[in-house]
There are 2 protein chains.
Amino acid sequence: MLKEKIGQAVEILKERKIDLWLTFVRETETISDPCLDLIVGTNCTWQSAFMITADGRTIAIVGSLDKERIQQTGLYEDIRIYVDDFGAAFLKALDEIKPKRIAINTSVNDYMADGLTHGMYELLINYTKPTQYQNLFISAEKIVAALRGRKSPMEIELIKKSIELTEKIYANVSPQIKAGRTEKDIADIILKMVVEHGVETAWESNSCPAVFTGPLSAGAHADPTERVIQPGHVLNIDFGVKLNGYCSDIQRTWYILKDDEQVAPDPVQKGFAVLLESVRLAFEAIRPGKLGWEIDKIARDYIVANGYPEYQHGLGHQVGRSTHDGAGMLGPRWERYGDTVFLPLEVGQVYTIEPRLPIEGYGVATVEEMVVIRPNGCKYLSHPQSRLFYTR
Amino acid sequence: MLKEKIGQAVEILKERKIDLWLTFVRETETISDPCLDLIVGTNCTWQSAFMITADGRTIAIVGSLDKERIQQTGLYEDIRIYVDDFGAAFLKALDEIKPKRIAINTSVNDYMADGLTHGMYELLINYTKPTQYQNLFISAEKIVAALRGRKSPMEIELIKKSIELTEKIYANVSPQIKAGRTEKDIADIILKMVVEHGVETAWESNSCPAVFTGPLSAGAHADPTERVIQPGHVLNIDFGVKLNGYCSDIQRTWYILKDDEQVAPDPVQKGFAVLLESVRLAFEAIRPGKLGWEIDKIARDYIVANGYPEYQHGLGHQVGRSTHDGAGMLGPRWERYGDTVFLPLEVGQVYTIEPRLPIEGYGVATVEEMVVIRPNGCKYLSHPQSRLFYTR
């Protein structure tokens with residue numbers, strides 16, 4: 001899989017006319033560059049450079065103690081070791097490659113392409129100070145976005161498997177959502193299933209699953225509380241697993257029926273219908289070349305036009321080896337999203353669609369689906385929630 | 001524990017006459033700042049600032065969706081949220097604090113103080129460009145080194161518990177080290193015990209434990225292989241656990257007796273004796289105020305004087321919440337260690353002592369002990385290996 005990704009990186013370098021992509025890291029157990037996941041797959045201790053060139057060379061410069069584990073990956077043809085002086089080995093490699101531009105993992109906008117720390121950046125500048133190389137550094141954000149975003153068929157299959165397991169767990173937990181239990185109870189039931197399946201949660205397990213019940217429930221990203229599920233609550237769960245290195249991220253909504261109710265009251269039905277329609281409108285609009293903010297605006301405007309406050313986040317993010325997989329984003333043109341909402345959508349990207357709206361007096365309605373972009377539009381990877389789930 | 005650490009940070013800011021320490025992060029599940037472990041203890045998604053001032057104020061500026069989880073930590077008195085524009089909220093806070101210097105997590109030398117990415121650094125510069133603040137940034141490395149290095153009595157107790165469990169696991173695995181088993185077999189036995197105790201390994205489990213047997217064994221940091229343990233091998237293991245958030249890191253060495261042997265042959269005995277003596281000499285020399293390289297040199301010189309090649313790494317590193325806990329280091333004056341070997345040792349720091357030497361034809365001898373620095377010297381936290389362990 002990583003070999004496939006390195007091959008893809010070489011193609012992207014050619015396409016972008018960049019001769020060298022440099023990933024520069026140290027002590028990666030403590031402070032890792034998200035790109036290591038794609039092109040190294042193990043950790044290193046001392047300062048280490050992983051260099052991929054447009055003509056297909058793969059060079060690793062690592063401390064002597066890290067040599068074996070990099071060799072064991074089989075990913076780098078040319079492994080050079082040093083004991084005391086990284087800089088000398090590094091400059092020697094640059095002299096051989098003679099790059100015109102050196103892409104490094106730094107980005108104001110995309111955290112996935114921003115693994116180079118400022119201290120390491122200063123080290124790079126120090127090493128290259130006496131040479132012309134110090135003027136050649138550019139951001140690798142375009143390379144990283146393409147490499148991470150364009151999922152190979154094998155990657156799509158792995159994401160599907162991850163979604164499948166998440167949906168199975170949802171199906172099993174659904175009958176156990178009952179008035180009288182707490183948010184924490186439901187989270188514990190789900191986490192037990194996660195352990196039984198021998199997988200990890202898609203994000204840290206104190207907020208995965210996130211469970212929110214009733215009108216006083218917290219905003220997203222909060223941990224499950226002792227709040228008790230009660231009849232008349234809208235309850236939603238945000239959950240995913242990481243299976244074979246790939247994540248899923250799905251939200252579902254339930255209504256807890258009162259004794260005398262067979263269906264949810266009108267405001268809940270209306271709110272949920274508006275929510276589903278906003279998903280459908282966004283889904284229909286997605287196609288390669290569209291910009292992220294255009295898709296977000298469609299769902300956002302529809303929700304606001306129907307009298308609900310707009311959601312305080314983006315409509316969707318990419319999913320892959322990480323739950324939040326960086327780069328292009330279906331989101332509003334807010335300062336905090338930088339340029340990520342202005343990137344054209346690309347074939348092979350996997351996005352969530354996850355609007356949200358509050359239903360006054362009942363709780364928050366959310367769904368989160370996952371789609372993959374295809375040449376003429378997009379396709380659901382999840383089985384979309386098409387009606388409110390009921391329980392008592 | 002984190003509350004204690006934040007209190008300690010305020011004291012260090014006063015001592016260093018720095019009015020503001022700023023930790024600036026985003027998407028910390030994917031790309032984390034090692035300082036979060038000490039002063040936040042949870043993750044955040046959007047750009048987030050954690051500000052601690054010398055006069056004891058604690059301010060967090062976080063995205064609206066992250067508010068609840070930061071509140072749940074109870075660590076920040078003043079939590080400010082934003083939806084679209086981080087910069088405005090950030091500048092407003094600076095205007096209130098009116099700092100003369102702003103310490104940020106960037107360091108050429110110490111990766112533990114280098115959690116700010118270069119992209120985030122550029123964002124900081126962009127936000128503060130119209131103001132005088134952009135000239136006030138300094139490295140927080142002295143703050144981080146003191147905060148991480150000076151262990152409180154409670155932290156020392158937790159490290160001791162972690163060591164205790166590691167030593168217990170070593171005692172249990174020792175009788176199972178037998179000729180005919182492979183490095184991987186031994187690693188699996190240890191990992192099973194780790195799971196049984198419900199803890200994590202101190203570093204990633206494919207090289208924790210690291211197991212090396214015989215004269216052809218790999219260097220440190222490589223993963224256990226299918227290499228078979230044979231009579232006449234020197235075998236060593238590098239292993240530790242993370243218990244309640246604190247790590248241990250211990251190495252032990254065995255000799256596999258041949259059928260007709262009751263003790264190891266002379267070269268093995270001599271090598272191991274030289275190794276132990278180098279540990280003792282370093283241990284005796286450690287006291288507050290000494291520099292890391294001075295301690296390393298004592299062990300290194302002794303080993304070389306006895307005819308062995310010098311070890312290709314530092315004599316010891318700090319241990320705490322991470323196995324490699326950053327800042328001061330007992331190491332040689334090599335370029336790659338930067339200034340970390342020139343820092344004076346401080347009371348409360350926990351170091352490993354881990355020399356290594358090859359015994360030609362038999363394998364590599366190592367021990368790794370852990371010590372805490374006290375006002376008049378240092379004290380073992382581990383129970384030092386005082387003789388070669390035998391097995392068949």
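A quick yes/no check of all residues on (1) buried (at least 22 other Cβ atoms within 10 Å of the Cβ); (2) touching a residue at least 60 places away in the same chain (Cβ under 8 Å); (3) in contact with a strand residue (DSSP E or B) (Cβ under 7 Å, 6 or more places away or on another chain):
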| position | (1), (2), (3) |
| --- | --- |
| B:Cys208 | yes, no, yes |
| B:Leu235 | yes, yes, yes |
| B:Leu276 | no, yes, no |
| B:Gly292 | yes, no, yes |
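Filtering the stretch B:1-55 to residues that are over 21 Å from B:Gly74 (Cβ atoms) and part of a strand (DSSP E or B) leaves B:Leu20, B:Phe24.
Does B:Thr340 satisfy being closer than 22 Å to B:Ile177 by Cβ and touching a residue at least 12 places away in the same chain (Cβ under 8 Å)? It is false that B:Thr340 is closer than 22 Å to B:Ile177 by Cβ and touching a residue at least 12 places away in the same chain (Cβ under 8 Å). Here is a check on your reading of the model: is A:Leu216 under 19 Å from A:Val173 (Cβ atoms) and among the aliphatic types (A, V, I, L, M)? Answer is no for this residue. Filter the stretch A:314-338 down to residues that are out of contact with any Asp or Glu (no Cβ under 8 Å at 6 or more places or on another chain) and buried (at least 22 other Cβ atoms within 10 Å of the Cβ) and give me whichever is nearest to the other protein chains (Cβ to nearest Cβ). Checked the stretch A:314-338; the qualifying residue nearest to the other protein chains (Cβ to nearest Cβ) is A:Asp325. Taking the stated definitions as given, is B:Gln349 touching a helix residue (DSSP H, G or I) at 6+ places or on another chain (Cβ under 6 Å), assigned by TED's automatic domain parsing to the domain that holds B:Leu158 and within 20 Å of B:Val144 (Cα to Cα)? Yes; evaluated as a whole, the condition is true for this residue. Select from the stretch A:138-158 the residues that are within 14 Å of chain B (Cβ to nearest Cβ) and either hydrophobic (A, V, I, L, M, F, W, C) or touching a Ser or Thr at 6+ places or on another chain (Cβ under 7 Å) (or both) and write down the one among them that is nearest to A:Val319 (Cα to Cα). Among residues in the stretch A:138-158 that are within 14 Å of chain B (Cβ to nearest Cβ) and either hydrophobic (A, V, I, L, M, F, W, C) or touching a Ser or Thr at 6+ places or on another chain (Cβ under 7 Å) (or both), the one nearest to A:Val319 (Cα to Cα) is A:Ala145.
If the condition is being out of contact with any Asp or Glu (no Cβ under 8 Å at 6 or more places or on another chain), in a loop (DSSP other than H, G, I, E, B) and surrounded by 16 or more Cβ atoms within 10 Å (Cβ to Cβ), then the stretch A:347-380 contributes A:Val347, A:Gly348, A:Gln349, A:Pro355, A:Tyr362. Taken over the stretch A:278-290, the criterion of being touching a Cys at 6+ places or on another chain (Cβ under 8 Å) and buried (at least 17 other Cβ atoms within 10 Å of the Cβ) is satisfied by A:Phe283, A:Ile286.
Just give me the residues in the stretch A:58-95 being closer than 21 Å to A:Leu13 by Cβ, assigned to a helix (DSSP H, G or I) and in contact with a Gly (Cβ under 8 Å, 6 or more places away or on another chain), in sequence order. A:Thr73, the sole residue that qualifies. Of all the residues in the stretch B:210-244, those that are part of a loop (DSSP other than H, G, I, E, B) and either more than 20 Å from the chain's Cα centre (by Cα) or within 14 Å of another protein chain (Cβ to nearest Cβ) (or both) number 20.
The residues of the stretch A:96-107 that are more than 30 Å from the chain's Cα centre (by Cα) and either of a type in the set (S, T, N, Q) or outside any loop (DSSP other than H, G, I, E, B) (or both), listed by number, are A:Glu96, A:Ile97. With the requirement that a residue be of a type in the set (A, V, I, L, M) and at pLDDT 95 or above, what does the stretch B:56-69 give you? B:Ile59, B:Ala60, B:Ile61, B:Val62, listed by residue number. The requirement of being part of a loop (DSSP other than H, G, I, E, B) and out of contact with any Gly (no Cβ under 6 Å at 6 or more places or on another chain) is satisfied by A:Asp325. Considering the stretch B:108-185, the qualifying helices (runs of 4 or more DSSP H), each wholly inside and each with 3 or more residues that are closer than 28 Å to B:Thr253 by Cβ, run over B:153-173.
Candidates are the residues of the stretch A:108-137 that are touching a residue at least 24 places away in the same chain (Cβ under 8 Å) and among the β-branched types (Val, Ile, Thr); the one that is farthest from the other protein chains (Cβ to nearest Cβ) is A:Thr131.
Would you check if A:Ile303 is crowded, with 16+ Cβ neighbours inside 10 Å and without any contact (Cβ under 8 Å) to a residue 24 or more places away in the chain? No.
For the stretch B:247-265, a residue qualifies if it is surrounded by 20 or more Cβ atoms within 10 Å (Cβ to Cβ) and either over 21 Å from B:Asn172 (Cβ atoms) or modelled with pLDDT under 95 (or both), and exactly one does: B:Ala264. If you go through the stretch A:182-209 and keep only what is of a type in the set (Lys, Arg) and more than 14 Å from every other protein chain (Cβ to nearest Cβ), you end up with just A:Lys192.
Look at (1) surrounded by 15 or more Cβ atoms within 10 Å (Cβ to Cβ); (2) within 7 Å of chain B (Cβ to nearest Cβ) and you find that A:Asp85 fails only one, number (1). For the stretch A:35-81, a residue qualifies if it is without any contact (Cβ under 8 Å) to a residue 40 or more places away in the chain, within 26 Å of the chain's Cα centre (by Cα) and either surrounded by fewer than 21 Cβ atoms within 10 Å (Cβ to Cβ) or not assigned by TED's automatic domain parsing to the domain that holds A:Ala113 (or both), and the qualifying residues are A:Gly41, A:Thr42.
Taking the stretch B:338-379 as the range and being over 17 Å from the mean Cα position of the chain (by Cα) and hydroxyl-bearing (Ser, Thr, Tyr) as the test, the residues that pass are B:Tyr362, B:Thr366.
The values are calculated or read from the model by the stated rules, or taken from the named source; none is laboratory data. Note that this is a predicted model, so its numbers are computed, not measured. Using ideal geometry, Cβ is built from the backbone for each residue, glycine included, and neighbour counts are taken over all protein chains shown.
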